1. Mind ordering 114-120, 347-353 by average Cβ neighbours within 10 Å, highest first?
2. I want the antiparallel fraction of DSSP beta bridges within the chain, as a percent rounded to 5.
3. Considering Cα pairs under 8 angstrom that are at least six residues apart, work out the relative contact order of the chain and quote it in whole percent.
4. For a quick size check, give me the Cα extents of region 130-253 along its three principal axes, largest first, whole Å.
5. In nm, what is the difference between 0.36 nm times the number of residues separating residue 423 and residue 352 and their Cα-Cα distance?
6. For semi-axes √(5λ) of the Cα gyration tensor in Å, pick the label among (1) 34, 27, 22; (2) 39, 29, 21; (3) 49, 29, 20 that corresponds to the value derived from the coordinates.
7. If r is the Cβ-Cβ distance from residue 460 to residue 286 and R0 is 41 Å, what FRET efficiency results, to the nearest 0.05?
8. Once every DSSP H run of n ≥ 4 in the chain is given -39500 (n - 2.57) and the sum is divided by its residues, what mean residue ellipticity at 222 nm do you get, rounded to the nearest 500 deg cm²/dmol?
């Protein structure tokens with residue numbers, strides 16, 4: 001007689017009315033084992049997120065004896081059968097799984113490894129468009145898919161307990177032409193900047209979204225899924241939209257006052273070009289972020305009488321260690337010393353630009369993402385223009401400079417500038433780099449100027465009273 005195949009209850013059908021059940025699922029996320037205090041004693045707990053073949057997803061928490069017994073057994077990515085647990089209504093404060101209920105296991109728990117099941121996905125996303133996110137009741141936890149349009153340098157912050165954490169803020173836009181700011185933490189924030197350059201797609205599962213001063217922003221949860229250059233259909237669709245003209249659209253930000261909306265960043269200091277010059281006198285090796293409204297006044301096309309290249313060829317082959325584009329400079333033959341091979345390369349724009357505001361002027365360096373926004377041309381357009389200038393000689397160079405001059409003194413831009421003190425040939429010097437540039441939000445800029453006017457009027461009133 002053939003053995004009777006065990007029947008598993010679909011996760012979607014779990015409820016507090018079900019008594020005897022067994023589920024088969026893949027572990028898609030696993031939290032660290034931690035201790036907690038309960039009365040005079042202590043307990044242990046960890047949680048996992050699980051997904052079954054029918055697409056049902058649920059969170060399970062293992063306490064005390066079950067936690068000690070199964071923490072090393074339950075591995076992320078592997079399949080298991082589970083039974084003898086308790087079903088209760090999910091606590092939305094700590095649980096973002098898309099299920100009304102959650103599971104708890106104690107010493108009665110029975111967990112056994114199961115054979116690999118190709119029908120069970122390794123991760124399941126329930127994406128929310130950024131436009132819809134702007135109308136959601138907060139706080140909420142969502143899955144997001146889009147394109148990274150800008151990012152800020154890493155920063156070190158201390159928790160209330162004195163633990164040092166690293167964070168990085170990125171700006172994501174999707175095909176609803178809506179953007180949001182999301183904070184990454186730890187290893188995700190510490191990824192090399194080249195991983196975030198070139199407008200990669202990003203998929204994030206478990207983004208906690210909150211509101212502060214009418215600004216919505218997200219924070220990646222510790223147990224969330226984070227994928228750059230994802231091949232999911234939604235990520236492919238987002239990149240197709242971005243490449244087909246979406247990048248030139250005006251984005252509506254739900255994170256006004258952050259990097260997503262104005263390029264300023266919550267941690268950026270609003271200042272002027274003159275203020276940046278004063279701030280440069282006290283900089284350290286730790287980068288500081290400034291937000292400045294200014295107009296493009298010039299692009300350096302010559303240095304000491306010689307033509308100054310506006311781009312360089314960069315390797316776009318995938319790095320074998322992390323799967324992302326290399327972006328390092330290649331030589332004339334297209335050979336990349338970092339990858340130790342000759343492969344695909346693309347032009348990346350780098351410029352030294354002069355900016356002016358109402359009170360000062362300054363020369364600032366900008367790299368690819370910011371440079372292309374400043375002059376409104378992509379790398380291939382700049383390369384073609386440079387090639388034509390080289391072919392025609394001095395006359396061609398004049399045509400190039402004439403084309404650039406058309407960009408001067410146009411609409412004001414919101415510049416995000418990273419400034420720090422560097423060492424060059426044993427000497428300290430200030431390094432100010434434009435890391436983002438975008439059209440000024442007239443409403444935001446107007447409110448900021450009105451605030452400054454009110455502060456000046458208050459100071460004048462106090463001075464008059466004092467006199």
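FYI, it's all coordinate maths here, none of it is from the lab. Remember, predicted model here, so these are calculated numbers, not experimental data. All Cβ positions, even for glycine, are placed from backbone atoms using ideal geometry, and neighbour counts span all protein chains on display.
1. Working: 114-120: 11.1, 347-353: 21.7.
Taking the mean over residues of other Cβ atoms within 10 Å, the ranking is 347-353, 114-120.
2. Approximately 90 percent, going by the DSSP bridge assignments.
3. Values: 970 pairs, mean separation 46.6, N = 467.
Once divided by the residue count of the chain, the mean separation gives 10 percent.
4. Here the Cα extents, ordered largest to smallest, are 47, 34, 24 Å.
5. Numbers: separation 71, 0.36 × 71 = 25.56 nm, distance 1.93 nm.
Full-extension gain reported as 23.6 nm.
6. This structure yields the entry labelled (3).
7. Efficiency computed from Cβ-Cβ geometry: 0.70.
8. Computed ellipticity for the chain at 222 nm equals -6000 deg cm²/dmol.
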